[in-house]
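In what follows, a structure is listed as structure tokens, so that the remarks can point back to it.
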Amino acid sequence: MKTFLKYLFFFIIIASLDLTNLHAQFTYTDNGTDITITGYTGAGGSVVIPSTIIGKPVTTIGSGAFFNKISLTSVTIPSSVTSIGPYAFGGCTGLTSAHFLGNAPTLASNVFDNTAVGFTVYFHSNKTGFTTPTWNGYTAVDPGNVAATASLTYRLHQPTIISLDAVPPTGNPVYAIETAVPANMIVSAISHGGVFDTKTNKVKWGVFLDANPRQLTFTLQAPGGYYETIYLQPSANMGGVGLDFVDVPITLVESASFSDFQTQLLASNPNASTLPTADDDGDGVPLLLEYAFGLDPTKNSASSLPAPTTATVNSIEYLTLKFRKVQSNVVYAVETSNDLTSWTNLNAVLLQDGGTTGDTIVGVPMNTQAVFMRLKVSIP
């Protein structure tokens, strides 16, 4: 008779009526397939427009969406955006730069009118539709391109190869590249004469006195072999133009079996219990739960568990839970209840599906009754 290993763990959250919005600093409309940004209520500064909201691509920045937001200093526009409406950033007198990550979108009239003196559009070398020295009447600079990827063969206790493809603009005489890495990571095997600055936690290359593209690599390893998704922060100085790129998520996890996870734990602590319900580090998080979320079973990981929040999406109030489905062999199931006795998955709404590398967000519509959620993980 075939048997199944199945261990269940859950979180109970009572919803409050103090609601916040998902992607709260942006207002938007949803036509069922695409998102249009219609307004901005954030504090300003350097703003990164998301490429997706509630799992749908942000394709349009609407007319006057950021109009007269004088606190806005720079904006990064994702590759998903294909059109920008009139006066979308008009009157943003503090706006000094717009960084486009994809091909040139369709621009309406007066999109960046009355921005800061010296306002500049930046775009990447391998993207189409832009022109220099001006694009649609605005100063435009091609500062080159830096793209980051990770090896697909990373395993426990083994380093992974991080590759940054640096492409300088045509005719650029000099450039330098650097990328920040998370604290406590082990960096080695830096290519092209690069160095690791331990004071700033940055890998640095250059200065290169030419315009040749380069594939810059180094290896990265988490102490003890445990890992989560990390974020690289590549930046470049190309031809005297400094440019910070959007953080690049690098997933250092290739799914390993639960038995591999147990074996690695025993390698670091021969006396450890490897039962799915074991909690040798005393953090209240059972071993199977630490495996399901890619946590370190030798450290207190309670604060790294998925945390509940509340959100309003398309005028519907939700209690939400955001989590990452790290292991492909684990079943992640969100169930809801009004009385902590009867549980069902019928009321849970998938607001964003992150697969195994992004954030999954599940919500349950709120009403006048108490609302409870639990996240159940199991290995069939």
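One line per residue, one yes/no per condition, for (1) farther than 19 Å from residue 54 by Cβ; (2) under 23 Å from the mean Cα position of the chain (by Cα); (3) of a type in the set (S, T, N, Q); (4) outside any loop (DSSP other than H, G, I, E, B):
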| residue | (1), (2), (3), (4) |
| --- | --- |
| 317 | no, no, no, yes |
| 333 | yes, yes, no, yes |
| 339 | yes, no, no, no |
| 355 | no, yes, no, no |
| 361 | no, yes, no, yes |
| 367 | yes, no, yes, no |
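Scoring residue 75 on the criteria (1) over 22 Å from the mean Cα position of the chain (by Cα); (2) modelled with pLDDT of 85 or more leaves a single failure, condition (1).
Rundown of residues vs (1) surrounded by fewer than 18 Cβ atoms within 10 Å (Cβ to Cβ); (2) more than 28 Å from the chain's Cα centre (by Cα); (3) of a type in the set (Val, Ile, Thr), yes/no style:
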{"position": "260", "(1), (2), (3)": "yes, no, no"}
{"position": "274", "(1), (2), (3)": "yes, yes, yes"}
{"position": "282", "(1), (2), (3)": "yes, yes, no"}
{"position": "287", "(1), (2), (3)": "no, no, no"}
{"position": "292", "(1), (2), (3)": "no, no, no"}
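Determine whether residue 325 is closer than 18 Å to residue 55 by Cβ and not in a strand (DSSP E or B). Answer is yes for this residue.
With respect to the conditions (1) of a type outside the set (D, E, K, R); (2) buried (at least 20 other Cβ atoms within 10 Å of the Cβ); (3) modelled with pLDDT under 85; (4) in a helix (DSSP H, G or I), residue 311 falls short on a single one, namely (4).
Can you tell me how many residues within the range 37-78 are closer than 23 Å to residue 123 by Cβ and among the polar types (S, T, N, Q)? Residues in the range 37-78 being closer than 23 Å to residue 123 by Cβ and among the polar types (S, T, N, Q): 9 in total. Filtering the range 189-240 to residues that are of a type outside the set (A, V, I, L, M, F, W, C), modelled with pLDDT under 90 and within 14 Å of residue 161 (Cα to Cα) leaves 215, 217, 219, 221.
The values are calculated or read from the model by the stated rules, or taken from the named source; none is laboratory data. None of the values given here were measured: they were computed from a predicted structure. In this analysis, Cβ positions are derived from the backbone assuming ideal geometry, glycine residues included, and neighbour counts consider all displayed protein chains.
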